[in-house]
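The values are calculated or read from the model by the stated rules, or taken from the named source; none is laboratory data. All values reported here derive from a predicted model rather than from experimental measurement. Backbone-built Cβ (ideal geometry, glycine too); neighbour counts: all protein chains shown. The area values use the complete protein model at the heavy-atom level, side chains included, leaving out ligands, DNA and RNA. Shrake-Rupley method; radii C 1.70, N 1.55, O 1.52, S 1.80 Å.
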Amino acid sequence: MFGRTAHTLARHVSRAGTRAYSDAPMAFTFASQNQVFYNGANVRQVDVPSFSGSFGILPSHVPSLAVLKPGVLTVFEDGSTAKKFFVSSGVVTINEDSSVQILAEEAAAVDELDLGSARDILNKAQSAASSATSEEAKAEALITVEVAEELVKAAESG
Amino acid sequence: MFSRCALLLPHNGHQQVRGMATLKTISMRLKSVKNIQKITQSMKMVSAAKYNRAERELRTARPYGAATKAFYEKVDVKGEEEKPNQLIVACSSDRGLCGAIHSNVCKHIKAELAEDSSKAAILCVGDKSRAQLSRVLAQNIIGQVGEVGRKPATFEDAAKVATFILNSGYDFGSGKIIYNRFRTVVTYDTLELPFFTASGISAAEKIGVYDSLDADVVQSYMEYSLASLMFFALKEGACSEQSSRMTSMDAASKNAGEMIDKLTLTYNRTRQAVITGELIEIISGAACV
């Protein structure tokens, strides 16, 4: 994970001389469908899990789009505090003006996760995946298994 | 709603039939108006409770919608020019008795398609918009999503609508959601929310500054943001609908109250007239003996 981050950072630095977008502080918005965690906040760094690999976002990151993967998203606010959130799926938008929007379908702080229920979900999802008959139901169940596995991992670490 | 009932009120000084018959009609009328008032009052209470919840949920949905819109606005995505076809999503619900919420959405669409409706398809969310649009634009409606408005909208509902749009097979260059944006309890605006296709996003002028984009990412990004735009529009619509129902039911209860006052007055006057008439009959009868 950190290898990827370093890679993104390196790319960042190499482009620093030529880029034309602003050096404004990061306007960070992070919301799930029923909760808003950050709205236009200025944070130091955000690490996000995406399908093209986990990466870190610093202010004035190169504009990009990414799709969130189930996993843990870490927000480094000013100072040394790091907050961890579990996200199920969603999108990341990094715009030219240094604003970052992360929209998750479901998100929760990692320390609020309950390991027991997370394992329950995983077990149920696994049995649903093995008993699924149609292709579509199987694919759906496998996605649930993937999310549940990450959920258990997140709950164990939190 | 009650304006029609006024026709049934007896005109004072113009009573053809005096006596019990009129008295009974008035008391029946009075009773029914009282019942209607009870219904509108409780509907108002119910929608007030629902409005509170919708408003609370809207507060979290707003930054969500704003964040989704931000990308389209910043990149300045335009529809695919070679494809003039557009898909219009009418965001209404199944329930009526909420002022002009649904008709405003439908009017907006009708006005837009008044000149040329050949290059547009309509997806109706909720029964009400379908009922109103099927009269004039029946051939444009490609589908309808029911069961909207009874329960608060969830992201799953929005995702279902988005999936329907993506699987509809209608080849559109751009699209928009027509919805009611909630302003205050008594005001709302009927607005358009544009959405685009993956190739529309890739064709945008400023997309070049965005790094590491492949077709898959853009496609998933587009699908997800369509669902979140739909979610945002459903939440705004639900909140406007409940607030509008609250105000219109409040007005209906007030109107019913006025009618009850008038009817009670007429009822008492008629009753008095009947008593006087009976007294005259008794007295003149006694005088004859």
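Things to note:
- Take the accessible area of chain A alone and of chain B alone, subtract that of the pair, and you get about 2200 Å² summed over both chains, using a 1.4 Å probe.
- Straight-distance candidates among the lysines for linking to B:Lys160, with alpha-carbon spacing under 16 Å and chain neighbours fewer than 8 residues away dropped: B:Lys151, B:Lys235.
- In sequence order, calculated HN-Hα J values of region A:65-81 (Karplus, 6.51, -1.76, 1.60; Hz; x Gly/Pro): 10, 8, 10, 5, 10, x, x, 9, 9, 10, 10, 9, 6, 4, x, 10, 6
- Contact order for chain B, expressed relative to its length and based on alpha carbon pairs under 8 Å spaced 6+ residues apart, stands at 31 percent.
- Helix runs (DSSP H) in chain B reaching 30 Å along axis by Cα, Kyte-Doolittle at least -1.0: B:20-75, B:215-288
- Among B:Tyr179, B:Tyr210, B:Tyr51: highest mean-square fluctuation, GNM of chain B, C-alpha pairs under 10 Å: B:Tyr210
- Put simply, the amide H of A:Ala27, placed in the peptide plane, has neighbours under 5 Å in A:Ser99, A:Val100, leaving out anything fewer than 5 places away on its chain.
- Think of the protein assembly as shown as a dipole: +1 on every Lys or Arg Cβ, -1 on every Asp or Glu Cβ, centred on the Cα centre; then among A:Ser80, A:Ala108, B:Ser118, B:Ser118 lies furthest on the positive end.
- Placing pseudo-labels 7 Å out from each Cα toward the beta carbon at B:Lys38 and B:Lys262 gives an inter-label distance of 2.3 nm.
- A cut-off of 5 Å between modelled amide H atoms, ignoring neighbours fewer than 5 places along the same chain, links B:Tyr188 with B:Arg183.
- Accessible area in square angstrom per residue, the protein assembly as shown, 1.4 angstrom probe: 51
- Summary value for region B:46-146: 26 percent relative contact order, contacts being C-alpha pairs under 8 angstrom separated by 6+ residues.
- ³J(HN,Hα), Karplus 6.51/-1.76/1.60, whole Hz, each residue of region A:34-47, x for Gly, Pro: 10, 7, 10, 8, 9, 9, x, 7, 9, 10, 7, 7, 10, 9
- B:Val186-B:Glu278 FRET efficiency (beta carbon distance; Förster radius 56 Å; 0.05 resolution): 0.65
- Extension gain, B:Ala215 to B:Ser168: 0.36 nm times the residue separation minus the Cα-Cα distance gives 14.9 nm.
- Residue ranges B:141-151, A:97-107 sort as A:97-107, B:141-151 when ordered by packing (mean number of other C-beta atoms within 10 Å per residue, highest first).
- Among B:35-46, B:53-64, A:128-139, the peptide with the highest mean count of other Cβ atoms within 10 Å heads the list, and the full ranking is B:53-64, B:35-46, A:128-139.
- Beyond 21 Å in Cα-Cα separation lie none of the pairs B:Lys119/B:Lys176; A:Lys69/A:Lys138; B:Lys78/B:Lys176; every one falls at or below that value.
- Surface composition of region A:23-158: carbon and sulfur atoms hold 50% of the protein heavy-atom accessible area at a 1.4 Å probe.
- Taken along the Cα-to-beta-carbon direction at a fixed 7 Å, the label points for A:Asp114 and B:Asn52 span 2.7 nm.
- Burial ranking of peptide ranges B:106-112, A:78-84, A:30-36 (average Cβ count within 10 Å, highest at the top): A:30-36, B:106-112, A:78-84
- Those lysines that a straight Cα-Cα span of less than 22 Å connects to B:Lys254, excepting residues fewer than 8 apart in one chain: B:Lys31, B:Lys34, B:Lys38, B:Lys44, B:Lys50, B:Lys262
- Each label point was placed 7 Å from the Cα along the Cα-to-Cβ direction; for A:Glu140 and B:Ala287 their separation is 8.9 nm.
- Rounded to 0.05, the FRET efficiency of the B:Lys160 and B:Arg269 pair, given R0 = 45 Å and the Cβ-Cβ distance, is 0.15.
- Residue-averaged beta-carbon neighbours from other chains (10 angstrom radius) around B:61-74: 6
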